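The values are calculated or read from the model by the stated rules, or taken from the named source; none is laboratory data. Here the structure is a predicted model, which means the values were calculated and not measured. We place every Cβ from the backbone using ideal geometry, glycine too, and count neighbours over all the protein chains shown.
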Amino acid sequence: MGETTDSGLPRVIAIAWGTHAAPQRGPSRGLTHEKIVERAVQIADEDGLAAVTMQRLAESLGFTTMSLYRYVANKDELLMLMAGSEALMPPRGKPAADWRERLRAWADGLRATYQAHPWMLEIVRGPVSVLLPGSVEIVDRGLEAVDGLDLDDQERIGIILAITSYVSAFAILERDLAGQEDLEFGPEAMSELGEVITPRQFPFAAPLFLSGGYVGGPVTEETLGVEFEYEFGLDLLIQGLAARQAARGEG
């Protein structure tokens, strides 16, 4: 869990919420936790998470690395503060009247956050990270989306986990696909694949593979990315919740 405050609260949580007092002595006057996190996020956005080192961060802020350690105990604490920053989320818009639209807007906002800051997907989440401002903000927006539905607390938490896990999985896929060329095979290549991906061995997958419907078919604007798959899966989740609510109402 790392260092804790006198009250027993993990230090990183106290820092993130501003209840942990900044150092008052030493040569690092003018340095704040907010400035450190903001600059670290900028570096990660520009050059990736691996580029965020304590030395580079300190130099970019005009301070020594030792000065930085007076504010953040180590890089793990810094990464957690970065991922838990409330500033990463897009501004809240006016909530829609229909809960389905609110749920979709919440999911899309989270997806946009991951697209803007893909390094977030590399940071391990856990019991401490869910109590950071950014995580609480995500949960609050999700609960707002399903407000008014007939759900108990455990079911609301289940929806939060289901949607956030779904969105992050697609965000990871989009991150991994970025910059990679789409495969487009000619007749000879498809014929060669047909010798190993056979309907006899793969009776259900082979027809889809060999038609080019899965990979290797003509590359068009419609086949680029995973937009259709993302929307389709999110529709299934929302429709499933709607059906469950309808059944509960009838019951």
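Within segment 19-32, none of the residues are under 20 Å from Val124 (Cβ atoms), modelled with pLDDT of 80 or more and either of a type outside the set (D, E, K, R) or assigned by TED's automatic domain parsing to the domain that holds Leu57 (or both).
Yes/no per residue for (1) of a type in the set (Lys, Arg); (2) exposed (fewer than 14 other Cβ atoms within 10 Å of the Cβ); (3) without any contact (Cβ under 8 Å) to a residue 12 or more places away in the chain; (4) not in a loop (DSSP other than H, G, I, E, B):
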{"residue": "Glu101", "(1), (2), (3), (4)": "no, yes, yes, yes"}
{"residue": "Arg104", "(1), (2), (3), (4)": "yes, no, no, yes"}
{"residue": "Ala107", "(1), (2), (3), (4)": "no, no, no, yes"}
{"residue": "Tyr114", "(1), (2), (3), (4)": "no, no, no, yes"}
{"residue": "Glu137", "(1), (2), (3), (4)": "no, no, no, yes"}
{"residue": "Gly142", "(1), (2), (3), (4)": "no, no, no, yes"}
{"residue": "Ile157", "(1), (2), (3), (4)": "no, no, yes, yes"}
{"residue": "Thr164", "(1), (2), (3), (4)": "no, no, no, yes"}
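Taken over segment 75-99, the criterion of being charged (D, E, K, R) and not in a helix (DSSP H, G or I) is satisfied by Arg92, Lys94, Asp98.
Across segment 98-138, what is the total count of residues that are of a type in the set (Gly, Ala, Ser), modelled with pLDDT of 95 or more and closer than 28 Å to Gly240 by Cβ?
Within segment 98-138, the subset of a type in the set (Gly, Ala, Ser) is 105, 107, 109, 112, 116, 126, 129, 134-135.
Remaining after also requiring modelled with pLDDT of 95 or more: 105, 107, 109, 112, 116, 134-135.
Now restrict to residues that are closer than 28 Å to Gly240 by Cβ: 105, 107, 109, 112, 134-135.
Of the residues in that region, 6 qualify.
If only residues of segment 53-71 that are in contact (Cβ under 8 Å) with a residue 40 or more places away in the chain and not in a helix (DSSP H, G or I) are counted, the one that is surrounded by the fewest Cβ atoms within 10 Å (Cβ to Cβ) is Arg70. Out of curiosity, is Glu59 of a type in the set (Asp, Glu) and closer than 19 Å to Leu234 by Cβ? No, not satisfied. In summary, Pro95 fulfils each of the numbered conditions (1) assigned by TED's automatic domain parsing to the domain that holds Arg125; (2) in contact with a Gly (Cβ under 7 Å, 6 or more places away or on another chain) with the single exception of condition (2). Condition first: assigned to a helix (DSSP H, G or I) and either touching a residue at least 40 places away in the same chain (Cβ under 8 Å) or within 30 Å of Gly240 (Cα to Cα) (or both). Now tell me which residues in segment 42-52 satisfy that. Scanning segment 42-52 gives Ala44, Asp45, Leu49. How many of the residues in segment 72-98 are closer than 25 Å to Leu149 by Cβ and either crowded, with 20+ Cβ neighbours inside 10 Å or not acidic (Asp, Glu) (or both)? The number of residues fulfilling the criteria is 9.
Within segment 166-187, how many residues are more than 30 Å from Ser135 (Cα to Cα) and part of a loop (DSSP other than H, G, I, E, B)?
6
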